[in-house]
Amino acid sequence: MESNTLNRIVTRYITGFAPHAVLSVLLIAAFIMMNAAAQNSALFGRLYSILLLVNILGVVLLIALILLNLFHFAEQYRAQVIGTRLTLRLLIMFVVLAVVPVSVVFSFSIQALNRGIDNWFDVRIERALDDALLLGRTALDAQRQDLVKIAQEIAIELETLPVRRKIGTVPSEFSLLNALREQYNITELTLYTQDRKILASSSEANLEAGTLVPARPSDAMIAQVRQGLTYANLDAISKSGLRLRVVVPVPGRDVGAPIRVLQVLQALPPRYAKLGESVQSAFAEYEKLVYLRGPLKFGFTLTLSLIALLTLLIAVWAAIFFARRLAAPIRELAEATHAVAQGDYQKQIPVTSQDEIGILVESFNDMTRRIHRAQLQSKRSQQEAEIQRAYLETVLGHLSSGVLTFNQRLLLRTHNPAAGQILGTDLRAGERKSLGWLAENYPSLQPMIEAVEQAAAAGQEEWQSQIQLLINKHRRVLLLRGTSLPSWREKRGGYVVVFDDITALIQAQRDAAWGEVARRMAHEIKNPLTPIQLSAERIRHKFLRQVTEEDRLTLDRATRTIIEQVDSLKSMVNDFSEYARSAQMQSRPVDVNDLVRDVVELYKNARGTAKGVVPLHGASKNGRGKASRAVTTKLDLDTDLPQIPADPGRLRQVLHNLLLNSRDALAATAKPVILLGTRVVGKNDHRFIEMTVQDNGPGFPEALLARLYEPYVTHKEKGTGLGLAIVKRIVEEHGGTIRAYNLKDGGACVVIRFPVSAATTGLAEPPTTAKSAQGENKT
């Protein structure tokens, strides 16, 4: 924390106004003193160097401070601090406005300074001396080229001479060299081998060969000639003499002959040397005269350059300072605007001036105050809307009716959980989808979609319709009610559809109607059955022995048929009475496993209906008078089964009806098997006892699966179709559920669930047998 505070203080001091202003004033004073020292030769020698060093150190320090400011600004720019982009644009603008004029003035000042100092001297003399030197060099170059040309011509003439290894063997060579020297007016001609050995020589000093040793060419000259090049240069003979030296190759005519070397020396007239020395000495004297012009130019140029640099640095520092100063209110305004964008509507900016920026800041403060008041009002309205929305969502979430809303293009917008439960579909995938998409992906909803489309096409404000859907192979009856939503901005507001599953209601109404029919039928049919049976028995008892033998057989068969049919009608009437009578249960804790064992035990070695049991189809045989084949009954009972409160007599009736139904279904099966099982499903307070009865017969007809529990629904030739209807009624009287379906591998399965009451959970006795009671009986 302390280090951060110290860094902020140091940064504020470095980027502040005071250090730059003090340093700039000191540098300007030092430059004034240095300028005075430069004009006064007495002070120039003593103080100029010291003042120059002081000014350079001051400029370096000022550059360091500016660089620190720029580095700090670069960090802010990389961090995307608000206002840095505007500051950068202002900084660039101020620097350009400062650098361009100073650079122009500096350029013209340097030119004027150099021109003024040059005017102090006779520039034409310097130019004349330069021209004289150039003229002398040009003349010497011309003579050298001429001498090179002469040497090459002499070398061509010497090609005809035979190659020799020793000097003086052929006097004609000396004569030829002398003749050539005199012909071309050459000071000296010498012919050498490649090893710098003299073959012949001729000079003005002595016409006899070998009396004077000529100046041999150097190894570098010989190497250059071996490469086929020509060497030409100016040599100094003595303090006052000059000569030209040219060395050229002389090839032989014969193949494989060694190359000879010809050296030509031409002495220049003494006046050339004198004129050269005169020009050179005059130029040296002039150079001495202009020697002081360079330091003077350098001094004034350095001073002017340092002043221009100081001006630029002060301008850059001023640009940085004023750019920040001008961008500060805008930066504060931008930061405040960002804060408002983030939701801080209480942001206020201090007003530091009364100019246009101050007016803008005051307007911003007034705007934030108004926005803050509007925000408070909006929050209150939003809270009220959220409360209303939560209330509506709670109502819709706990509403038993399904609710669907569609926009004006009939796209599904919202739905409540009950809608998906009733339709047996996850409607979340259909949100924002059209009715066509819903019909394609959920074919079971086609009747409902058609009803909505017809109502929308007809433009009905309110409508109602009843439809039937096949959901998960179960028929459901839905009551649809739809209405149009209010329009908004001249656009239709869409539609809302509310629907209820009235399948249970219709079933209850149908059951009540069938119950009333059964009660009336039982009452109307049961009354004449007893007199009919008694009359048949009396006729049989009175006239059976009085008639002839032939009539006796006819009377016996007729009376027996009447009595049997009356018994069959009585059984049917009993089914009607059982279905129509109200529930009068005598509940007590029941062990379902014991109940299953007792009912199965009744069918051991039995071929007909157990005593006191209402059969499923009103017959103890398979409907054709033939005895059922032996059926294998298997048990799979959970020994940890708790007791449940139930009426044991009515539960026995449920088991007898289901077993009789399975036995009748297995009449045509080669190896009939019935499996009865029990187990506990669920957890904690939501536990159920599940009882399963399944067989390996042909199963239920697919066309009757949705109507199995309706009265008088059967696929058999004989039977009332009340068996499963009575079973369903008894199960529902105990608060349970029943479900029937066909097995994949063949056969039918009926699953019944009874809720486990917490009050009877502890009543079950611990099992005395093995963990699972499994058995197999032949019945």
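The values are calculated or read from the model by the stated rules, or taken from the named source; none is laboratory data. Everything quoted here is computed from the prediction, not taken from an experiment. Here Cβ is always computed from backbone atoms with ideal geometry, including for glycine, and neighbour counts include all displayed protein chains. When the accessible area is computed, the model is the full protein with side chains, heavy atoms only, and any ligands, DNA or RNA have been set aside. Shrake-Rupley method; radii C 1.70, N 1.55, O 1.52, S 1.80 Å.
Condition check ((1) assigned to a helix (DSSP H, G or I); (2) in contact (Cβ under 8 Å) with a residue 12 or more places away in the chain) across all residues:
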{"site": "GLN354", "(1), (2)": "no, no"}
{"site": "ASN365", "(1), (2)": "yes, yes"}
{"site": "ARG380", "(1), (2)": "yes, no"}
{"site": "ALA390", "(1), (2)": "yes, no"}
Notebook entry, point to check: Could you list, in sequence order, the residues of the range 444-462 that are of a type outside the set (Gly, Ala, Ser) and open to solvent by less than 70 Å² (accessible area, probe 1.4 Å)?
Noted result: LEU445, GLN446, PRO447, MET448, ILE449, VAL452
Item checked: Every residue from the range 61-81 that is of a type in the set (Val, Ile, Thr) and modelled with pLDDT under 80 -> ILE66, VAL81
Note to self: Taking the conditions exactly as written (in a helix (DSSP H, G or I) and either on the phi < 0 side of the Ramachandran plot or surrounded by 14 or more Cβ atoms within 10 Å (Cβ to Cβ) (or both)), does ILE349 satisfy them or not?
What the structure shows: no
Check: Which of the residues spanning the range 110-120 are open to solvent by 60 Å² or more (accessible area, probe 1.4 Å) and either modelled with pLDDT under 70 or outside any helix (DSSP H, G or I) (or both)?
Finding: ASN119, TRP120
Check: Residues ARG687, ARG679: which one is open to solvent by 30 Å² or more (accessible area, probe 1.4 Å) and touching a residue at least 60 places away in the same chain (Cβ under 8 Å)?
Finding: ARG687
Item checked: Where THR337 falls short, out of the listed (1) over 30 Å from LEU67 (Cα atoms); (2) of a type outside the set (D, E, K, R); (3) open to solvent by less than 60 Å² (accessible area, probe 1.4 Å) -> (3)
Note to self: Every residue in the range 372-417 that is among the basic types (Lys, Arg) and either more than 27 Å from GLU462 (Cβ to Cβ) or open to solvent by less than 60 Å² (accessible area, probe 1.4 Å) (or both), please.
What the structure shows: ARG373, LYS379, ARG380
Notebook entry, point to check: Got at least one residue in the range 426-443 being touching an Asp or Glu at 6+ places or on another chain (Cβ under 9 Å), open to solvent by 20 Å² or more (accessible area, probe 1.4 Å) and of a type in the set (S, T, N, Q)?
Noted result: no
Item checked: Output for the range 256-276, where each listed residue is at pLDDT 70 or above and more than 24 Å from VAL148 (Cβ to Cβ) -> LYS274
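Looking at the structure I just gave you, is HIS656 at pLDDT below 50 and either acidic (Asp, Glu) or surrounded by 15 or more Cβ atoms within 10 Å (Cβ to Cβ) (or both)? Explain how you work it out, then say what you get.
On the way: at pLDDT below 50: no; either acidic (Asp, Glu) or surrounded by 15 or more Cβ atoms within 10 Å (Cβ to Cβ) (or both): yes.
Taking the combined requirement at face value, the residue does not satisfy it.
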Notebook entry, point to check: When you look at ALA327, is it under 30 Å from ALA74 (Cα atoms), assigned to a helix (DSSP H, G or I) and out of contact with any Gly (no Cβ under 6 Å at 6 or more places or on another chain), yes or no?
Noted result: no
Margin query: Just to be sure before I move on: is GLN507 modelled with pLDDT under 85, part of a loop (DSSP other than H, G, I, E, B) and surrounded by 14 or more Cβ atoms within 10 Å (Cβ to Cβ) in the structure I sent?
Written below: no
Next item on the list: At least 3 residues that are at pLDDT below 80 and within 25 Å of THR639 (Cα to Cα) in each: list the strands (runs of 3 or more DSSP E) lying fully within the range 668-779 that qualify.
Entry: 772-778
Checklist line | The listed residue being among the polar types (S, T, N, Q), over 43 Å from the mean Cα position of the chain (by Cα) and either over 26 Å from GLU702 (Cβ atoms) or crowded, with 16+ Cβ neighbours inside 10 Å (or both), out of SER484, SER465 | finding: SER465
Note to self: Being within 30 Å of ILE467 (Cβ to Cβ), among the aliphatic types (A, V, I, L, M) and in contact with a strand residue (DSSP E or B) (Cβ under 9 Å, 6 or more places away or on another chain) is the requirement here; does LEU392 meet it?
What the structure shows: no
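One line per residue, one yes/no per condition, for (1) modelled with pLDDT of 85 or more; (2) of a type outside the set (S, T, N, Q):
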| position | (1), (2) |
| --- | --- |
| LEU423 | no, yes |
| LEU435 | no, yes |
| TYR442 | no, yes |
| TRP463 | yes, yes |
| THR483 | yes, no |
| GLY494 | no, yes |
Checklist line | Close pairs (8 angstrom Cβ cut-off, 6 or more residues apart or separate chains): closer than 30 Å to ARG89 by Cα and of a type in the set (S, T, N, Q) in the range 49-76, modelled with pLDDT under 75 and assigned to a helix (DSSP H, G or I) anywhere | finding: ASN69/ILE14
